[in-house]
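For reference, the structure is listed below as structure tokens.
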Amino acid sequence: MITTVEQEELRRTVRAVLGRNPPARPAPDADPGYDETAWRLLAEQVGAFGLAVPEAYGGAGGTAMETHVVCEELGRTLTPVPYLGSAVLATEALLACGAVEPLPGLADGSRVAALAWAESGTWDPAAIRAHVEDGRLTGVKDHVLDGARADLFVVPARTRDGDLAVYVAEPSTPAVRVEPLATLDLTRPQARVTFDAAPVRLIGADGHRVLERLIAVAATAISAEQLGGGERCLEMTRDHVKTREQFGRPIGSFQVIRHRLADLYVLVESARSVSYDAARALASGAPDLAVRAATAQAYCAEAFSAVAAETVQLHGGIGFTWEHEAHLYFKRAHSAAKLFGDAAWHRARLGPLVLGG
Amino acid sequence: MITTVEQEELRRTVRAVLGRNPPARPAPDADPGYDETAWRLLAEQVGAFGLAVPEAYGGAGGTAMETHVVCEELGRTLTPVPYLGSAVLATEALLACGAVEPLPGLADGSRVAALAWAESGTWDPAAIRAHVEDGRLTGVKDHVLDGARADLFVVPARTRDGDLAVYVAEPSTPAVRVEPLATLDLTRPQARVTFDAAPVRLIGADGHRVLERLIAVAATAISAEQLGGGERCLEMTRDHVKTREQFGRPIGSFQVIRHRLADLYVLVESARSVSYDAARALASGAPDLAVRAATAQAYCAEAFSAVAAETVQLHGGIGFTWEHEAHLYFKRAHSAAKLFGDAAWHRARLGPLVLGG
Amino acid sequence: MSRGEAFRREVRAWLEDGLTGEFAGARGLGGPGREHEAFDVRLAWERHMAAAGLTCLGWPERYGGRDASIEEQVVFHEEYALARAPARVNHIGENLLGPTIIAFGTDEQRRRLLPPIVAVEELWCQGYSEPGAGSDLANVQTRAALDGGRWRISGQKVWTSLATEADWCFVICRTEPGSTRHRGLSYLLVPMRQNGVEVRPIVQMTGTSEFNEVFFDGALTDGANIVGAPGDGWRIAMATLGFERGVATLGQQVGFRGELEGVIELARETGAVADPLLRDRLVRSWIGLEVMRLNAVRTMAGVAAGAPGPESSISKLVWGTWHRELGELAIDVLGAAGMVADGRPYDLSDVQRLYLFSRADTIYAGSNEIQRDIIAERVLGLPREAR
Amino acid sequence: MSRGEAFRREVRAWLEDGLTGEFAGARGLGGPGREHEAFDVRLAWERHMAAAGLTCLGWPERYGGRDASIEEQVVFHEEYALARAPARVNHIGENLLGPTIIAFGTDEQRRRLLPPIVAVEELWCQGYSEPGAGSDLANVQTRAALDGGRWRISGQKVWTSLATEADWCFVICRTEPGSTRHRGLSYLLVPMRQNGVEVRPIVQMTGTSEFNEVFFDGALTDGANIVGAPGDGWRIAMATLGFERGVATLGQQVGFRGELEGVIELARETGAVADPLLRDRLVRSWIGLEVMRLNAVRTMAGVAAGAPGPESSISKLVWGTWHRELGELAIDVLGAAGMVADGRPYDLSDVQRLYLFSRADTIYAGSNEIQRDIIAERVLGLPREAR
């Protein structure tokens, strides 16, 4: 294995907590929400929300390797907690800007921060139009993870000169309108946040650098979720085809089924290799981090999508029902593939980096 | 079936002639050449070379439906005769220009004409740089089918004004250098033809119209060859998997093999549908001929490539040897997919036609 | 003007005229993934069609049909789909049970059962699949036995469309105790509105319910409500499936074309049409639909009058896969916006519904795997694998 | 500087120095699809390596190796591939037979057979596959029996690389008459240069010959030339295969990287790199190679010392498929020019050779189908299908 003994210990703990508290599965008419119990237990028993926060600010002083483990486990169970948005993205954004004041609240899981980033359906920094004049932010941010519960927004926006900078805004003002969205993937709440001359505070003047890092952070973390989801789908499908009988024998004894499971296994193990590699690059500040992270998301997004789709197909009719978990993973595979740029976008980013010339 | 009784009778005749005269398979050190016996029999017994030529010029006065049948059968056997280049393309080019004088010689198979078209690896008319000044042609034409045996070249080239026109040139002058090429696909000879101020005669002033039609003619005819090749590969593979035993049973009883054969069957039957549709469109002068022909080549090129590749794979080691026929079809699938624009090029041409806006 | 063209004009005019007034809002209602929509309106519409003599076109005139030719039926389905007329509610009666009764039923059954199908007074559903059987249709556990001149039925069927609305169900039952697989089965016609029948909708990943579970707990039907003889059930059930994918295929393709055009339109709006990778997939999808259309034309031309052969397996395999890929393409064209639904609770957009519902296309009505098995065996003559 | 880095510098310097003078033209010689190239030069080169103590690095020192760590071996293979040093001619002896003898041979066999491998004085080939058996390695018809203290062998092997050059062949033979499948087999070591052995090259679709048929017609070998006991053949043959895909994988990948870079370079020359569809495939190919590299790193880290497990099946499946797709991509990058060879007769370009030869990558050394079976059974524990 690539991970350390401590990381594997962390994994066992997280898996045990999540396993003892299987998330309630949402009804079709439910709004996306959080599993408050898992949230509290992960915060209190594991300290999961502060893994990447320095000890001086109430965290464990870990690296991306530790949050990666948590993301992978959350990807396995799809437990809805404000982790990716708050404990990974917003926390990393604040750290990258040296804005440490909110960190203790985030580290103990008592407060939620959200990174309000995407505009017009893209995370491309060049597409950002939100702008700040005289300390007031105007713009619309979409697909904001954990936005509906956020106590604080971290917002990349343009300065008066058109440069990119990073600001923080409080939701407790009428100038900030937070609109929870109905999502296809009910396990991952999103919000649209409209800033209408909302008072903000500058925390980072070098927005480009921060966003470049955050693209890598996001791509890496979501690849861990994709890996976890793919693992769980593979297990579920393997168990199903071993027991489900048709034509008088387990369907897992049919060669086409066997071979497709083999292909899924290869996808999942390969996803593990590239995802862990990106985490290691992030944790060690590797110079080719952008390449590592884009590779991880480009590969893992398609791998998880393929595995989740086959999970539905190989479960047959039951895999198409709301009652069975397969559709949750199928929908998560979709949202995970679209958040922070899809696989084609990451491949396009890789183009100039790896094709040269 | 879509074809008529007469066309099926033609097919039986052609198949019988080709079946009684299986082509000699080339040795690795052989030069690409023609099967003179099959050439003569197709000309004399079937009148195959004059099918598309009006009766007044010694032909049978048929349509693209008839030449389509012959192309399909030649695609099945890979018998090397100057059919696609001379009896289809050059003949159609002459007909489109109303240049009837050479037709009798072509119709009885005694003479060969070649369409010298591609430059710089593309058949895109916009890329043509060969030009005529004072009745003399200068330029290099590549991938000229049947070029080494041609008694006459039909050549699209630019006029002094830069317009496209169609000319004929005789090879019997030092100003025309014909260079037979070593081809990956030994069953389909090609030549490079260099015109160095070669005397030519104008036969068609509206080169654009002629070439647009010839793209459709070429795409349609080659889709017939691809269909025939795919059929033959499927038969060969089906026979192989029925008899070849591994692990104590015919490999055709393994489910993955069965399913792959089923997929190949779907590809071949679908190729038949689109290829015949293009032939019908050509024969009837359908207004959407360009769409029909591009669809046929875009689909059939990939279908035949897939079928030929699986033919190699499913034959195992023997399919990789020179001794077995599989490689001939694999290489033909390659050349057929590249001649006259590959599938991606034809899809790109379809874009504006079918996506609108 | 050919007879087909005259008929086309007649149908088109009638549909244009019909889809006004009370049916003005009925266009586009229903269909795969949206079977829950506006059932009452669609029922009223289909009765309106019946009044105009436009149901059961392909049936013989003596049973209330119009003896329509294949060409006319194709024309009708094409025009129907082009007009975006509502998805039919009695297609199971019209296309499956009716032809089966005409082919295998008694005169009494024809007299009793066919007119209410033509008039859309009685709706039908199909009781084939069972839980635990999946694609293995011969794995029938539902039992029936004669009891005082009536069949008494117990067991469970699943994936039954329209079961909540149907008046009748044709049910494959095991009537010979101890028999296995294809033997000892019978094809019974069972009234749905009785105490022994319970219907539970299945909620799908779309959040809606097209399919149902049907529980038979001592349900009763008259002894005469059997098609063919006891033990003939498998043969007749397979014949019914053979009727399933006939000329309606071309109408289905018109619907597909509408969906594809919608996706292309969306791609023009979002700018995805200028993305070379998406553009290539759009053209591929367009080609795929052409392939299906031309395959269907060839099949129609070839087997105009005969029963569908393995062509239906090709057709199912191709359209199921094509439609699933269209769903994937559509959601990709939508980009990040595809993560967000139209409204709450779980009010999905058409594209999202297409994306999700098309996952079932390669599973139901014979999965891709089953279709490949059929082609390998019946067309290519490959040896059966050891089972 | 780590020990690995020091070793890397040593190897790199030696290779730079070595590939000059008489070996200046040796770079890039040989390899899959080009095994026919310049055998004498490559043999001389490998003996030059032996003289420098750079063969059999991973072997224990007492058998002439250097006890090199996994890391060092990886470094060596990487540098070797980076320098485009000639393809090895005795890798079968070094990587397959040698480790097998070390693990299962007698002391006498070790004394007799290992030194000439280290010195590249005796070359080996592998006699496993038989005509008519294909991937079914247990279908062994070649027979051997003791005859006056010597084994007498008759039968036929196929797909034998380097058979024309080899001095020895390890041959799986059926030594127990009437036995079937995996039982009754023995692992014999047979001298190639004798009357009873005939080698016929197989011409491949490339027009060249990497593989051979080997005919044994009463060929003889000493009674002591058996590895393990009679009847142990299958177990030892499988152990040999386990040695096949070890650390050399990473060297192979360096070779792949060189090929991919060549294709990327070609795409820049032809302008294909600006074609969005080809560009996306180029990046996918690059990602695929990264996946293979990172999979190999994980495997190395995990099973540093143990025998390769099912990881080798993943590796084979992934690289075979990747390399085949690289061939398809390369020929597409070349466009219409890919139809024309470099010269006559049938002098194919590197890209054409890659395109053709990579078709075999998913067939030999365990086809994709066999690898999927192994993963399904040994890793996922899926039930064996009925056979």
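The values are calculated or read from the model by the stated rules, or taken from the named source; none is laboratory data. Here the structure is a predicted model, which means the values were calculated and not measured. Note that we place each Cβ from the backbone using ideal geometry, even for glycine, and neighbour counts take in every protein chain shown. SASA here: full protein model, heavy atoms, side chains in, ligands and nucleic acids out. Shrake-Rupley method; radii C 1.70, N 1.55, O 1.52, S 1.80 Å.
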Check your understanding: So for the stretch A:315-357, what percent of the C-alpha to C-alpha distances run longer than 18 Å?
Key -> 50 percent
Point to revise | Cα gyration tensor category, rounded, prolate or oblate, for the stretch A:146-224 with a/c compared to 1.5 | key: oblate
Practice item. Output, in nm with one decimal and in ascending order, the distances from the C:H48 label point to the matching label points of the other copies (7 Å from Cα along Cα-to-Cβ). Key: 9.0
Check your understanding: Shortest first, in nm, what separates the label point of D:A13 from those of the same position in the other copies (7 Å along Cα→Cβ)?
Key -> 9.8
Review point. Rounded to the nearest 20 Debye, what is the dipole magnitude of the protein assembly as shown about its Cα centre when Lys and Arg each give +1 and Asp and Glu each give -1 at the C-beta?
Key: 2160 debye
Review point. What number comes out for the charge environment of D:R112, summing +1 per Lys or Arg and -1 per Asp or Glu over other residues with Cβ under 13 Å away?
Key: -4
Practice item. Assuming a ≥ b ≥ c are the square roots of the Cα gyration tensor eigenvalues, decide whether the stretch B:31-131 counts as rounded (a/c under 1.5), prolate (otherwise, with a/b larger than b/c) or oblate. Key: oblate
**Study point:** Helix A:326-338 vs. chain A, principal-axis angle (Cα, 0 to 90°, nearest 10)
**Key:** 40 degrees
Check your understanding: If you take the Cα Rg of the stretch D:177-278 and divide it by 2.2 N^0.38 Å, with N the number of residues, what do you get?
Key -> 1.73
Revision key, fill the gap. Inter-copy distances for D:D67, nm, shortest first, label points 7 Å along Cα→Cβ, are 9.8
Point to revise | Net +/- balance of residues flanking A:A348 in space, Cβ distance below 12 Å, scoring K and R +1, D and E -1 | key: 0
Check your understanding: So, how do all the Cα-to-Cα distances of the stretch C:338-387 break down into 10 Å bins, in percent, from 0 on up?
Key -> 22, 29, 20, 15, 13, 1
Revision key, fill the gap. Per the 1/(1 + (r/R0)^6) rule, R0 = 30 Å and r from the Cβ atoms of C:D67 and B:E55, FRET efficiency to 0.05 is 0.10
Review point. In degrees from 0 to 90, rounded to the nearest 10, what is the angle of the helix C:248-270 Cα long axis to the longest principal axis of chain C?
Key: 30 degrees
Exercise for review: Mind putting a number on the dipole of the stretch D:320-385 about its Cα centre? Charges go on the C-beta only, +1 for Lys and Arg and -1 for Asp and Glu, and I need it in Debye to the nearest 20.
Suggested key: 120 debye
Practice item. Please work out the ratio of the alpha-carbon Rg of chain C to 2.2 N^0.38 Å and round it to two decimals. Key: 1.01
Revision key, fill the gap. Sorted on mean Cβ neighbours within 10 Å (highest first), peptides A:242-250, B:88-96 come out as B:88-96, A:242-250
Practice item. Leaving ligands, DNA and RNA out of it, report the carbon-plus-sulfur percent of the accessible area of the stretch A:216-306 at a 1.4 Å probe. Key: 53 percent
Exercise for review: Quick one: go through the stretch D:136-150 and flag any residue whose amide nitrogen is under 16 Å from the point 7 Å out along the Cα-to-Cβ line of D:A224.
Suggested key: D:149-150
Review point. What whole number of Å gives the distance from the Cα centroid of the stretch A:43-57 to the Cα centroid of the stretch A:211-235?
Key: 20 Å
Review point. Which far-off residues, 5 or more places away or on another chain, put their amide H under 5 Å from the one on C:R181, with H placed in the peptide plane?
Key: C:V140
Revision key, fill the gap. The answer for the net charge of residues other than D:L189 whose Cβ lies under 13 angstrom from its Cβ, with Lys and Arg +1 and Asp and Glu -1, is -1
Point to revise | Considering only chain A, percent of DSSP beta bridges that pair antiparallel, nearest 5 | key: 90 percent
Check your understanding: What's the buried accessible area, both sides, between C and A using a 1.4 Å probe, rounded to 100 Å²?
Key -> 3500 Å²
Study note, to complete from the structure: Evaluated at 10 °C and 1.306 mPa s, the Stokes-Einstein D of the stretch C:103-192 based on the Kirkwood radius over Cα pairs, in µm²/s, stands at 113 µm²/s
Check your understanding: Any idea what angle helix A:343-355 forms with the longest principal axis of chain A, computed on alpha-carbon atoms, 0 to 90 degrees, nearest 10?
Key -> 80 degrees
Exercise for review: Could you let me know the centre-to-centre spacing of the stretch C:1-68 and the stretch C:110-156, using Cα atoms, in angstrom?
Suggested key: 27 Å
Practice item. State which entries of B:K242/D:K316; A:K331/C:K316; B:K242/B:K331; B:K331/D:K316; B:K141/B:K331; A:K331/B:K331 exceed 31 angstrom in Cα-Cα distance in the structure shown. Key: A:K331/B:K331
Review point. Solvent-accessible area per residue for the stretch D:104-241 at a 1.4 Å probe radius, Å²?
Key: 39 Å²
Practice item. State, to one decimal in nm, how far the label point of D:A6 lies from the label point of B:L202, with both points 7 Å from Cα in the Cβ direction. Key: 8.2 nm
Review point. Is the shape of chain A rounded, prolate or oblate, going by the alpha carbon gyration tensor and its root eigenvalues a ≥ b ≥ c, with a/c under 1.5 for rounded and a/b larger than b/c for prolate?
Key: prolate
Study note, to complete from the structure: Computed over the protein assembly as shown, the convex hull of the Cα set has an average projected area, in nm², of 61.1 nm²
Practice item. State the residue of chain B whose Cβ is nearest the axis carrying B onto A, and the distance in whole angstrom. Key: B:Q255, 2
**Study point:** Å² of accessible area per residue within chain A, as computed with a 1.4 Å probe and no ligands counted
**Key:** 33 Å²
Exercise for review: Using a 1.4 angstrom probe on the protein heavy atoms only, line up B:H315, D:H48 by accessible area, largest first.
Suggested key: D:H48, B:H315
Review point. What are the residues of the stretch D:327-374 that lose 40 Å² or more of accessible area, with a 1.4 Å probe, going from their chain alone to all protein chains?
Key: D:A336, D:M339, D:V340, D:R344, D:P345, D:Y346, D:Y355, D:R359, D:I363, D:E369, D:R372, D:D373
Exercise for review: Quick one: grab Rg to one decimal and Dmax as a whole number for the stretch A:198-279, Cα atoms only, in Å.
Suggested key: 20.6, 68
Revision key, fill the gap. Share of Cα-Cα pairs in the stretch C:1-125 beyond 20 Å, whole percent, is 43 percent
Revision key, fill the gap. Between D:M238 and A:E44, Cβ-based FRET efficiency (R0 60 Å, step 0.05) works out to 0.70
Check your understanding: Label 7 Å along Cα→Cβ of D:R378; the stretch A:264-286 residues with amide nitrogen under 18 Å?
Key -> A:264-267, A:269-270
Review point. Rounded to the nearest 500 deg cm²/dmol, what is the calculated helix-only ellipticity per residue at 222 nm for chain A, with -39500 (n - 2.57) per DSSP H run of length n ≥ 4?
Key: -15500 deg cm²/dmol
Practice item. Would you calculate the separation in nanometres between label points at A:L353 and B:R129, each defined as 7 Å from the Cα along the Cα-to-beta-carbon direction? Key: 3.8 nm
